[in-house]
Amino acid sequence: MKENNSDSVEILNRTIIPNIPEKLFRFRGLSEYSINNFKDDVIYTCHAADFNDPYDCLTYYDFREIEAFHMKHLKNITAEDIKQKLQFQLAYIRTQFREDVTSFACFTENVRNTLMWAHYADYHKGFALEYDFKGFPINIEIRNENGESTNGLGLYPEIYSDERYDGSNLFKFLIAPWCEDKDEIVKNYRDDFFWQKFYLHKSLEWSYEQEWRLINNDTTFEKRGTREINYKPTAIYYGVNIEANKQIFNQLREYAKSKNMKEYQMYLKEDLRKHEFDYIPI
């Protein structure tokens, strides 16, 4: 028997929460915004349209299969009408996914990842924040059959694949209200976690990031507005080149001390031949 929404939420919670790593890390550059967020214990979440990967949250759709399905189940409608409906649905979905209500913050399991320091922390001149999400108030989001969201926060591991996620079944599900066999379509194609699957599939090329994604689906925010979550980090890690910005480095240290926060300095173990990147307390 198919679970209802609350059953699905409970199952997902039981699976994910015990597997959240003890520590997750977020890399930051030395922008004024990042520094102020650290000072104020703010996690800023952004829209997928602002990601550095233009294919993030862009799913694959088999439009031939979808058109054939629509022609079979929608009565008194032409092929041209079907195409227009598909275009409308696609525009809605892409706006919903990438530019609208839902926003994200990205974390990694590995603070020793030199590529992450290079790509997301000003070429090792920035810093990384450590978070303990074991006590985080996670409320897995659920959307109704119209794609409208309840509020909530979710923390999920990213899924890396050499294929884009196939979202074709969503287009089948969305036409159910206009079909005589609505109940059968809902039974066969309803998926309480369509949206999480779309949010969490990424090209295998990005697997080095070892990403966990915080999904912020609080509908109380204005569309395209900033998303700020108040949650205090547990430690700060300074990049190997951070002293190139001595004034900012000292400012970060003052903030860390005021929070009684652990501080670490990243360094390369020069006495070893292999590339081993580590940190020491300061």
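The values are calculated or read from the model by the stated rules, or taken from the named source; none is laboratory data. Since we're looking at a predicted model, the values are computed, not measured. Backbone-built Cβ (ideal geometry, glycine too); neighbour counts: all protein chains shown. Ligands, DNA and RNA are stripped out before the accessible areas are found, and what is left, the full protein with its side chains, is counted by its heavy atoms. Shrake-Rupley method; radii C 1.70, N 1.55, O 1.52, S 1.80 Å.
Filtering 88, 133, 127 for residues that are within 30 Å of residue 234 (Cα to Cα) and at pLDDT below 95 leaves a single hit, 133. Can you pull out every residue in segment 179-196 that is open to solvent by less than 70 Å² (accessible area, probe 1.4 Å) and of a type in the set (D, E, K, R)? 181, 191, 192 - these are the residues of segment 179-196 that are open to solvent by less than 70 Å² (accessible area, probe 1.4 Å) and of a type in the set (D, E, K, R). Can we say residue 25 is assigned to a helix (DSSP H, G or I) and touching a residue at least 24 places away in the same chain (Cβ under 8 Å)? No, not satisfied.
Taking the conditions (1) modelled with pLDDT of 90 or more; (2) in contact with a strand residue (DSSP E or B) (Cβ under 7 Å, 6 or more places away or on another chain); (3) of a type in the set (Phe, Trp, Tyr) in turn, residue 33 satisfies each one other than (2). Candidates in segment 41-85 are the residues that are part of a loop (DSSP other than H, G, I, E, B), among the charged types (D, E, K, R) and open to solvent by less than 80 Å² (accessible area, probe 1.4 Å); of these, the one that is modelled with the lowest pLDDT is 56. All of 254, 263, 205, 243 fail the test of being open to solvent by less than 30 Å² (accessible area, probe 1.4 Å), of a type outside the set (A, V, I, L, M) and without any contact (Cβ under 8 Å) to a residue 40 or more places away in the chain, apart from 263. Is it the case, given these coordinates, that residue 226 is farther than 30 Å from residue 171 by Cβ, modelled with pLDDT of 95 or more and of a type in the set (S, T, N, Q)? It is false that residue 226 is farther than 30 Å from residue 171 by Cβ, modelled with pLDDT of 95 or more and of a type in the set (S, T, N, Q).
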